Amino acid sequence: MRIVCKKYEKNPILTKEDIPYPCDAVYNAAATKYKGKYILLLRTLLLNGNCVFGLGESDDGYNFIVRPKPVMVPATTGPFAMYESKGIEDPRITKFGDIYYIFYSCYSGHGMRIGLAKTKDFKKFERVAMTTTIDYRNSVLFPKKIKGKYCRFERPNVGRHGIWISYSPDLIHWGEQDLLMLPYGGHIWEDHKIGAGAPPIETKKGWLSIYHGVTWTMDGMTYRLGCALHDLKNPNKILGIADQFILGPDEVYERVGYVHNVVFTCGAIPEPDGTVKIYYGGADTVMCVATAEIDDLIDICLKGKRPPL
Ligand code: BMA
């Protein structure tokens, strides 16, 4: 297999010991750049078992300093409160003009919904809307409007757990849903379920989507990452899907933890030199990073034979 992603040799880049407030795991962070700094919006697992978001900042994308307190915690009043009572999880950040939008999973006894929050400065975070009914996960916003509308990938937790697309005039009301990609029986690593990972990355050849794929083993589920390329003007059209996974759990920090054999991404940062930093959680316990050449990822997408549906 051609190796396209290189794991950082000093992984994990963050563990619970790096978090200034009491917590038991740090993983599945959203990633972006703000005023020249790398930002990770970190899913941290508090000692009551519920998740909140912390914030890490870095000059080089590898060494992060985490703020003393969480920056976003479950709402306790207002319309979001009953849907966030068991925590907030798996944030994804997309920069749109000078606003950073965050889709995140709202967890409660009523099922998983996708909330939308925004920030301009990573100090003040404001909730915008609850953007799905139950039961959804893995919503990622495109950084540009498509045909005049906001666009996202989403993953309803019903049916065959595939990647859907939807559109919105205002980020609040979503429609025009269409199923784009299903788990694929021909790839044993992604035959059970799939979901969008990092928000799509614009390249000259198309929107690069880094997604996760799941398979069952006799030892439970294994999570890996794959990639697909979508048409720039019409992302409903898939130009190619790689035949190989690009990242899988083979290091101890990915194999051992809260949930073993998991690599899961919520954010990737394209760099001016043509590489991309893929931030990912290892075993639902630690934060890691890997790098790849964007052209290599595009290449394996375009050579892939896997049918989307
Ligand atoms: C998914 C999500 C992720 C998690 C993964 C592996 O369903 O809950 O947050 O990393 O399972 O446990």
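Bear in mind that the values in this text are calculations on the coordinates, not laboratory data. Note that the structure is a prediction, hence the values are computed from the model and not measured. Cβ sites come from the backbone with ideal geometry, for glycine too, and all protein chains shown count toward neighbours.
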Subject >> Exposure proxy ranking, count of Cβ atoms within 10 Å, fewest first, for D219, D18 >> reply: D219, D18
Subject >> the chain: most fluctuating residue of E89, E254, E57 per GNM, C-alpha cutoff 10 Å >> reply: E57
Original post:
If each residue's Cβ is checked for other Cβ atoms within 10 Å, how do D243, D135 rank with the fewest at the top?
Top reply: D135, D243
Subject >> Local electrostatic count at R306 - Lys and Arg +1, Asp and Glu -1, tallied over other residues with Cβ under 13 Å >> reply: -1
**OP:** Set the Förster radius R0 to 30 Å, insert the Cβ-Cβ distance between K35 and V259 as r into 1/(1 + (r/R0)^6), and round the FRET efficiency to 0.05.
**Re:** 0.30
Subject >> Hypothetical label at E176: residues of the stretch 233-250 whose amide nitrogen lies under 14 Å (7 Å Cα-Cβ projection) >> reply: 233-237
Subject >> Enclosed volume per residue, in Å³, of the convex hull spanned by Cα atoms of the stretch 5-303 >> reply: 126
**OP:** Would you mind calculating the gained length between A81 and E251 on full extension (0.36 nm times residue separation, minus the Cα-Cα distance), in nm to one decimal?
**Re:** 57.4 nm
Subject >> Projected label distance in nm at K6 and N234, using a 7 Å step from Cα toward the beta-carbon >> reply: 3.9
**OP:** Would you calculate the separation in nanometres between label points at K16 and K120, each defined as 7 Å from the Cα along the Cα-to-beta-carbon direction?
**Re:** 3.8
Subject >> Calculated FRET efficiency for the pair I65/D273, C-beta based, R₀ 25 Å, to 0.05 >> reply: 0.55
**OP:** Output ³J(HN,Hα) for the stretch 203-219: one whole-Hz value per residue in order, computed from phi by the Karplus curve 6.51 cos²θ - 1.76 cosθ + 1.60 with θ = phi - 60°, and x for Gly and Pro.
**Re:** 10, 4, 9, x, 7, 8, 10, 9, 10, 10, x, 10, 10, 8, 10, 5, 10
Original post:
Is the shape of the stretch 82-166 rounded, prolate or oblate, going by the alpha carbon gyration tensor and its root eigenvalues a ≥ b ≥ c, with a/c under 1.5 for rounded and a/b larger than b/c for prolate?
Top reply: oblate
Original post:
How many nm separate the modelled label positions at M130 and D98, each set 7 Å beyond the Cα in the direction of the Cβ?
Top reply: 3.2
**OP:** Just add up the charged neighbours of P143: K/R +1, D/E -1, any other residue whose Cβ is under 9 Å from the Cβ of P143.
**Re:** +1
Original post:
Distance from the Cα centre of the stretch 68-123 to that of the stretch 247-298, in angstrom?
Top reply: 22
Original post:
Expressed as a rounded percentage, what relative contact order does the chain have, with Cα pairs under 8 Å and six or more residues apart?
Top reply: 17
Original post:
Using a Förster distance of 22 Å, how high is the FRET efficiency between K303 and I188, based on the Cβ-Cβ distance and rounded to 0.05?
Top reply: 0.70
Original post:
Can you list the trypsin sites (Lys or Arg not before Pro) in the stretch 144-177 that are in a DSSP coil and have 13 or fewer other beta carbons within 10 angstrom?
Top reply: K144, K145, K147, R160
Original post:
How large is ³J(HN,Hα) for each residue in the stretch 138-154, as worked out from phi by the Karplus curve 6.51 cos²θ - 1.76 cosθ + 1.60 (θ = phi - 60°), to whole Hz, x for Gly and Pro?
Top reply: 6, 9, 10, 8, 5, x, 9, 6, 10, 6, x, 10, 5, 9, 8, 9, 8
Original post:
Which net charge results when you count Lys and Arg as +1 and Asp and Glu as -1 among the other residues whose beta-carbon is under 9 Å from that of G248?
Top reply: -1
Original post:
Just M72, M181, M221 to compare: in a GNM of the chain, with alpha carbon springs under 10 Å, which one fluctuates most?
Top reply: M221
